[in-house]
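One structure is given below, encoded as C-alpha cells.
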Amino acid sequence: MNPFAFSQARDIDAALPLLAADNARPVAGGTNLLDLMKEGVMTPSQLVDINPLEHAGLDVIEEHEGGLRLGALARNAATAYHDTVRSRYPLLSAAILAGASPQLRNMATNGGNLLQRTRCVYFYDVGTPCNKREPGTGCPAKNGINRQLGILGTSEQCIATHPSDMCVALRALDATVHVKSSRGERAIPFAEFHRLPGDTPQIDTNLQPGELITHITLPDAGRFIEHSAYIKVRDRLSYAFALVSVAAALDLDGGTIRAARIALGGVAHKPWRVEEAEAALVGKTAGEAAFEQAAERILQGARGYGQNDFKLTLARNAIVQALTTAMRGTEFAKRGTE
Amino acid sequence: MNLYQQYPIRLRINDQDRDFDVESWVTLLDLLRERAGLTGTKKGCDHGQCGACTVLVDGKRVNSCLTLAVMQNGHEVTTIEGMAKGDELHPLQQAFIEQDAFQCGYCTPGQICSAAGLIAEGQAKTVDDVRELMSGNLCRCGAYPQIRQAVCKVIGIKEDKPGAASGADGFTTGPVLA
C-alpha cells in the first residue's frame, strides 16, 4: 500500500471538508478500497475513516415515509437480516445475501457497496493498459479475458461490469441515493447514480468530488412481497461474482401481471433495467411466453466479445427463470426447490 | 501532512489491553502477526478471498487483512489464541479434532473463528445454511465435509438430513444454472 495520512471523522460536518481535499477518500468497510490500494490501483494520499459516524446515526435502518431508509454505514449483513428488510423487501435481502461472504458482509457498508469498483482483471492489473484505471491507455478486455464482462451498454473504451448484487435489487426497487457535501444535500435516483462507460470509463458514478452518501431510501414495495426472486448464476455455488444475475418482482392479479420489475447484474457498467419491457408485461398472462418476450426486449442490442458470448443466451434464460421463480412465489424462491 | 506518521492505538486482544504505534497502512492482520506476536491468524491471499485471516472484532467475524489496525482502535479482537479457556478447548476446537476437520491446518484458525462468528449470528438452521455461511473460508486440502460436520455438531444440527428444509431465509438464491 502507498503511504497515506489517516484521520477519523467524529461528525459529518467535520468529515465533509476533509473529503473535499484532493485525493482524499472515505473508508468505511474498506473491503474493496484497501484491496485496490494493495494492488496499487487506487493510491489516495489521505483516508478519512467515517466509521465513527455510526454514532451520528448513519448506520440506522428504519421505516421511513411508507418506505425504507438505509443508513450508508449500516453493514450489508445488518441490512439483509433486518426484520423490516426481510419481511417487506425480500428481494433486497436475497440479493445482499447472494453477494460476497459472511465476513465481507459484516464489514462492507451500504454506501460502499454502491461505490465498489469493477473486478475486470485488467483494471486490477497495473501492469496492463486499462481506460478505467488510466484513461487513454486502451482496453485489452475487448479482445482478451472477458468472461465476466459486459454485453450491454459497453463502449469502445470499456466493457467492465458493476459487481454488486445489492445494487441490482436497489435498481429494481427504485431506490434513491442521498448525498451530502459542503455545498449541501441532494438526492440521486438510482437509475442516474451509476454511469455507462462511454468516453469516460474512469468515472463510475455521478457522485461529485467531496460528496458523501448518507443514506438510501426505497419506496414501499408491498405489492412485490409475495412474488420476488433474485437469481444469481456464477462459476461456483457460492462466494463468486455474478456472470448474470436477475432481480425479478411481480405484482399479480391471479394469473395476470399488474406490474413487473426486472433488473440485471453482471451484464453492464450499471444495473441494467429496461422499463419498456416491464410496461409491456402489464395486462399479460404471467408465463413463459410473456417472460420470453420481456427477455427479448431487455437484451436488445446486447453483444458478446468472445469469451462472454454465452452471456446472451444465459441472460435470456436467467430472465425467464427469475420471472418464473418470482411467479411461483418468494417462498419458493427462498427454498430453491419444491 | 506526514505520510509516515505513527498512530498510537489500543486494542483489547483476547481479553488483554495492548498498546501499539502503527503506520496508517498496517492491516489488522499484520499487526496481529508481526507486532502482537499472535501468529495463529494466517495470511492466505491477503485480499479477502480465502478467509484464513478471519478474526472476531467486537464478536463479529471479519477478514483482518481488509481492515486497518488504526481503524480498530478501541475495539475488541478475538483470535484463535483466545478461543480456549486455559487448558479447556473451545467446543469448536474440540469438534474439529473429533471430526478430523483439517489436514495441513493452515485454514483452521480462520475456519474456527468464522464458525464462532456464524454461531453468534444465529442464522444457520440447516446443514445447507452452514455450508453457505462458511463459504468465506476456503480449504485447499478439501476437508469441507468434516468442517461442516464439526460446525453442525457444535450447533446441534443433525447431519442425517442434508438439504432438508433448506434456506431458512434467502440463502438459497435460486436454482443454479451453470
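Just so you know, all these numbers are worked out from the coordinates, no wet-lab data involved. Note that the structure is a prediction, hence the values are computed from the model and not measured. Please note: Cβ atoms are built from the backbone with ideal geometry, for glycine as well, and neighbour counts cover all protein chains shown.
Starting from the amide H of B:TYR7, placed 1.01 Å from N in the peptide plane, find each other amide H under 5 Å away whose residue is 5 or more places distant or on another chain.
B:VAL22, B:GLU23
With the radius of gyration and the Kirkwood radius both derived from the Cα set of segment B:91-155, what is their ratio Rg to Rh?
0.91
What is the distance in Å between the Cα centroid of segment A:107-141 and that of segment A:215-261?
27
How large is ³J(HN,Hα), in whole Hz, for each residue of segment A:307-316 in order, when computed from phi with the Karplus curve 6.51 cos²θ - 1.76 cosθ + 1.60 and θ = phi - 60°, using x for Gly and Pro?
4, 9, 4, 4, 5, 4, 6, 4, 5, 4
In the protein assembly as shown, what percentage of the DSSP-assigned beta bridges are antiparallel, given to the nearest 5?
Details: 54 of 64 bridges.
Here the share of antiparallel DSSP bridges comes out near 85 percent.
Using DSSP, restrict attention to beta bridges with both residues in segment B:6-82 and report what percent are antiparallel, rounded to the nearest 5.
In segment B:6-82, DSSP labels about 90 percent of beta bridges as antiparallel.
Along each of the three principal axes of the Cα atoms of segment A:192-247, give the extent in whole Å, ordering the values from largest to smallest.
In descending order, the Cα extents are 39, 33, 20 Å.
Across 20 Å bins from 0, what is the distribution of all Cα-Cα pair distances for the protein assembly as shown, in whole percents?
Calculated over all Cα pairs of the protein assembly as shown, the distribution is 23, 56, 20, 0 percent.
Report, as an integer, the average count of C-beta atoms from other chains found within 10 Å of each Cβ along B:63-74.
Partner Cβ neighbours, averaged per residue: 5.
Taking each residue in A:1-7, count the Cβ atoms of any other chain within 10 Å of its Cβ, then average. What number comes out?
For this peptide, the per-residue mean of nearby foreign Cβ atoms is 6.
Please compute the net charge surrounding A:CYS158, taking Lys and Arg as +1 and Asp and Glu as -1 over other residues with Cβ under 13 Å from its Cβ.
That sum, taken over residues with Cβ under 13 Å, equals +2.
If neighbour count is taken as other Cβ atoms inside 10 Å, put A:VAL179, A:VAL126 in order from fewest to most.
Numbers: A:VAL179 21, A:VAL126 13.
So the ranking, lowest neighbour count to highest, is A:VAL126, A:VAL179.
Given a Förster distance of 22 angstrom, what is the FRET efficiency for B:GLU76 paired with B:GLN6, based on the Cβ-Cβ distance and rounded to 0.05? Please list the in-between numbers first.
Values: r = 22 Å, r/R0 = 1.02.
Efficiency for this residue pair is about 0.45.
Calculate the FRET efficiency for B:LYS158 and A:GLU156 from the Cβ-Cβ distance with a Förster distance of 56 Å, rounded to the nearest 0.05.
Efficiency, from the Cβ-Cβ distance: 0.50.
Taking a label point 7 Å from the Cα of A:GLU65 along the Cα→Cβ vector, which residues of segment A:206-242 have an amide N closer than 16 Å to it?
What the label zone holds, given the 16 Å backbone N cut-off, is A:214-221.
When the helix-only estimate is applied to chain A (DSSP H runs of n ≥ 4, each -39,500 (n - 2.57), divided by the residue count), what is the mean residue ellipticity at 222 nm, nearest 500 deg cm²/dmol?
-7500 deg cm²/dmol
How much mean residue ellipticity at 222 nm does chain B get from its helices, if each DSSP H run of length 4 or more adds -39500 (n - 2.57) and you divide by all residues, to the nearest 500 deg cm²/dmol?
Theoretical 222 nm ellipticity from helices: -7000 deg cm²/dmol.
Using the alpha-carbon centroid of each, what span in Å lies between segment B:83-107 and segment A:32-58?
Segment B:83-107 and segment A:32-58 have Cα centres spaced 35 Å from each other.
What's the center-to-center distance, using Cα atoms, between segment A:177-205 and segment A:285-338 in Å?
29
Zone of A:THR137 (label point 7 Å along Cα→Cβ, backbone N under 15 Å): which residues in segment A:175-209?
The answer is A:201-203, whose backbone nitrogens lie closer than 15 Å to the label point.
Can you tell me what the convex hull of the Cα atoms of segment A:228-330 projects to on average, as an area in nm²?
6.4
Need one number: nm distance between label points at A:GLU54 and A:GLU288, each 7 Å from Cα along Cα→Cβ, rounded to one decimal.
Between A:GLU54 and A:GLU288, the label points sit 5.0 nm apart.
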